[in-house]
Amino acid sequence: MSPTTEAHLRAPGLRAWMTLTGAEVRMVVRDTAGLLIPVGLPLLILVMNALGETDHVLPGTGGRTVLDIYVLPLVLTMVIAVIGVVNMPSFLAYYRRTGVLRRLAVTPAHPSMVLVAQVLTSLLQAAVGIGLALTVAVVGFGANLPARPGVALALGLLAAAAMYALGVLVAAVAPSGNAAVAMGLVLFFGMGATGGMFGPTTNLPDGVARVGEVLPFGATVEVLGTAWAGGGIDATPVLALAATTLVCSAVGARFFRWQ
Amino acid sequence: MSAIEMHDLHKTYRSTTAVAGVSLTVPEGSIMGLVGRNGAGKTTTVEITAGLREPDRGRVSVLGLDPRRDRRAVRQVLGVQLQESQLHSALTALELVTLYRSLYRSGLGPAAALEAVGLGRSAGTRFEKLSGGQQQRLSIALAIIGRPRVVILDELTTGLDPEARREVWGLVDGLRADGVTVLLVSHHMDEVERLCDQVALLDAGRVASTGSPATIVARAALPQRVRFDAEHGLDAALLRALPEVEEVEVRGRGVVVRGRGDLERAVSTSLTRHGVVVTGASVERPTLEDAFLALTGRQAGPDTEVDR
């Protein structure tokens, strides 16, 4: 049989993609310490905030409170951002440093397989983190679900796509594992600071607040808040998230290195 | 048809020239050993062949395919065992073999592949918990999981105990029996002498010598020794007269003859002709390791640092 027969030219099939994703999920589940920050930290912030005066009902939101409109979107954004911008790039950078990616590079696996498996795994992690945070908020502190659940879900997915694209870009350009973690953390806290993680963005200088609003963190807090309140969604943050997704994933895939 | 063809490969990293004009042909179904001291260009040559690096100049083909341009097709037929490559640390041996098997169109059964490298009992052990030798065997299982037609094995038995080495050698013999072509990078001359049909000796980024292990040993023209006991003593001058002989040492009945070329035959012919009765004859031939040292003028073995 000639090596150039058609069977050899086909890329690995769906089974391979699922097996690789399953492998990545196992890696995360077995690395229990790695789950602490993306699941535990947002939960802590949720509880600390919810213990304060957050049951104040905001007018024009169908009875929704400060907890619903401000705290919950912020917490969910943190879950998505930590996983996408910090955890995933550090996993990829670790794989590159230890030669895991180099080994995969000499198999029929395509780089996109590795990236997609990472993104799917991260989505699963985010789903667990968000599910837990929502359950605690609703059951423990009487929070309300979003006024437009479908819109909230769609926007949440868009936000996740933007954060992961950014994470892929970090993983692609970071020269080392340490650099990837450092870049991820700087991005996370930088975007968080300008996007309302440490207090209302109205306290920030106007220019800084403007930039923070269109960065993935600020844009996500904004659109999720709106989805909870039930008002019309502003186009600017949605477009910002879409643009981040497209640009970062294209550049990330272009500069992705196996070794 | 040749399985691997390298033509005039060149590769320079910044100011260091790793490979400077390597040309090499590995016939299909044969085992080619790639030897040379650290920094001789072995790893770079292998990385170019595996498609991990692009040569600055020159061409390489694997079964007629370009490892980079025809990446997808080459990956299905070329198995690679890399030096110092980790795997997903928290996955078990069986999970890893299953994962790598899923990447290929066809191949061995995951459990059977583990059995083949003697890891049947460690199927449920995580990679990080396997011993160095077990990790090495697992990486060999992964190299052959897709039933490749060409396999690159880089430092195959480094870190294995003598028994495990022999088992792994058996695996390589099995590959040869299946008609698989093997490019074997090694520091261990005994391994190369035992397994390889052909040897290419790299020195300073060039092929210094190629041929069968015996040819290379012969080319080094190193002295050999013939030892025997002469029942009734021996006149050393008899042997000193032979052109092959350089030195004769007689201690009582024991005789040691040092020389070059076809020493054994020259000595035995002469002894027979002169009616000398001989017992306990043995020949000490130079090994590939001796030839390696003579041809490169330096030490073999992993004594210096990085190979690039």
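The values are calculated or read from the model by the stated rules, or taken from the named source; none is laboratory data. Worth saying up front: this structure is predicted, and the values here are computed from it rather than measured. Don't worry about glycine lacking a Cβ; one is built from the backbone with ideal geometry, like all the others, and counts go over all protein chains shown. Protein only, heavy atoms only, side chains kept; ligands, DNA and RNA dropped before computing areas. Shrake-Rupley method; radii C 1.70, N 1.55, O 1.52, S 1.80 Å.
Worth a mention:
- Annotation note: of B:84, B:95, the sole residue that is on the phi > 0 side of the Ramachandran plot and either within 8 Å of chain A (Cβ to nearest Cβ) or among the hydrophobic types (A, V, I, L, M, F, W, C) (or both) is B:84.
- Matching entry among A:220, A:245 (being under 20 Å from residue A:198 (Cβ atoms), polar (S, T, N, Q) and under 17 Å from the mean Cα position of the chain (by Cα)): A:220
- The residues of segment B:38-54 that are at the interface with chain A (Cβ under 10 Å from one of its Cβ atoms) and free of Cβ contacts under 8 Å to residues at least 40 places away in the same chain, listed by number, are B:47, B:51, B:52.
- Applying a threshold of 7 Å to beta carbon distances and a minimum spacing of six or more residues, or different chains, the list of pairs starting in segment B:55-79 at a residue that is within 12 Å of chain A (Cβ to nearest Cβ) and farther than 18 Å from residue B:7 by Cα and ending at one that is among the basic types (Lys, Arg) and not in a strand (DSSP E or B) reads B:76/B:105; B:77/B:149.
- Checking B:227, B:219 one by one, the residue that is closer than 30 Å to residue B:199 by Cβ and in a helix (DSSP H, G or I) is B:219 and no other.
- Test: residue in segment B:198-220 that is among the hydroxyl-bearing types (Ser, Thr, Tyr), more than 20 Å from residue B:4 (Cβ to Cβ) and open to solvent by 30 Å² or more (accessible area, probe 1.4 Å): no
- Test result for residue B:305, open to solvent by 70 Å² or more (accessible area, probe 1.4 Å), modelled with pLDDT under 90 and part of a helix (DSSP H, G or I): no
- Here segment A:233-258 is the region considered, the condition is being of a type outside the set (A, V, I, L, M) and open to solvent by less than 70 Å² (accessible area, probe 1.4 Å), and the residue that is modelled with the lowest pLDDT is A:258.
- The single residue among B:29, B:21 that is outside any strand (DSSP E or B), more than 14 Å from every other protein chain (Cβ to nearest Cβ) and open to solvent by 10 Å² or more (accessible area, probe 1.4 Å) turns out to be B:29.
- Of the helices (runs of 4 or more DSSP H) lying entirely inside segment B:50-155, those carrying at least 1 residues that are of a type in the set (Ser, Thr, Tyr) and open to solvent by 10 Å² or more (accessible area, probe 1.4 Å) are B:93-102, B:132-144.
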